[in-house]
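FYI, it's all coordinate maths here, none of it is from the lab. Keep in mind the model is a prediction, meaning the values are calculated, not measured. Backbone-built Cβ (ideal geometry, glycine too); neighbour counts: all protein chains shown.
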Amino acid sequence: MSEQRSPPAATTADEISHPVFAAIYDLCPEPEALEAQRGYLVRDLSGRVLELGCGTGDMFPFVVDGASDDLEYHAIEPDPHMRRRAAEAARETGLAVDLRDARAESLPYPDDSFDVVLAGVVFCTVQDPDAALEEVVRVLKPGGEFRFLEHVGADGWRGRGQELLDPIWQRAAGGCHLTRDTVGRFVGHEALAVEEIESLEAGVFPATPIVRGTLRRRNDGVVG
Ligand SMILES: C[S@@+](CC[C@H](N)C(=O)[O-])C[C@H]1O[C@@H](n2cnc3c(N)ncnc32)[C@H](O)[C@@H]1O
């Protein structure tokens, strides 16, 4: 599998605005296929939690269901059309969310400020995934958890199909990439220890395979 990387400098300067994608996102097969997996991301949440690229707020009902009394939920979303829907979802579900206009590559929070960071199909879309991962590590407290649910590049004929479809897919799906080696990127970070990683029988080609996992920020002072 090979990864097509976009030059970060050229894309991060652009505004992120996909009104049509935001309007139809909840009708697409991908978020529906992920519904059964969202419980994994939100299990036993407590303390200060940050969700990256919360989209239309599909995670919020799951967060409300299991919320502990001390939960302080924060979310970032750079696309104004997505963010407006997320704010509505927060109101409808009754979840208190500190929702901000920000990118994963430049998080508006101090170092060591979150117990848990969540990413649900976000590292496929961020413009500079390496910079975003550095930010996750920076804002996590030592011992804090990074939980993810992501579709990644496939092997074999599926991978070749993804490479062919990727340019069209990026345009149709709000900048989403099909071919990223997201798990390799996460596992390769020296400040993160792998707790578990699992490939799932979920999702719809070409946005498969879907992988979920939990990594923990090491406690030994290594921050990247
Ligand atoms: C496929 S959607 C996933 C939405 C949501 N996390 C979910 O689980 O349904 C990807 C989201 O990432 C957002 N996004 C794009 N670039 C981003 C960036 N640089 N940092 C954070 N989020 C970004 C998009 O606006 C979109 O809402």
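Each Lys or Arg adds one and each Asp or Glu takes one away; over the other residues whose Cβ falls under 15 Å from the Cβ of Ile16, this sums to -1. Computed from the C-beta positions of Thr93 and Val20 and an R0 of 25 Å, the FRET efficiency is 0.55 to the nearest 0.05. Here is the list for segment 39-92: trypsin sites (Lys or Arg not before Pro) lying in DSSP coil, each with at most 13 other C-beta atoms within 10 angstrom of its C-beta, are Arg43.
May I ask you to compute the full-extension gain from Ser46 to Arg171, defined as 0.36 nm times their residue separation minus their alpha-carbon distance, rounded to one decimal in nm?
Values: separation 125, 0.36 × 125 = 45.00 nm, distance 3.67 nm.
Gain in length upon complete extension: 41.3 nm.
For Phe186, Phe60, Phe205, Phe21, the sequence from fewest to most other C-beta atoms within 10 Å is Phe205, Phe21, Phe186, Phe60.
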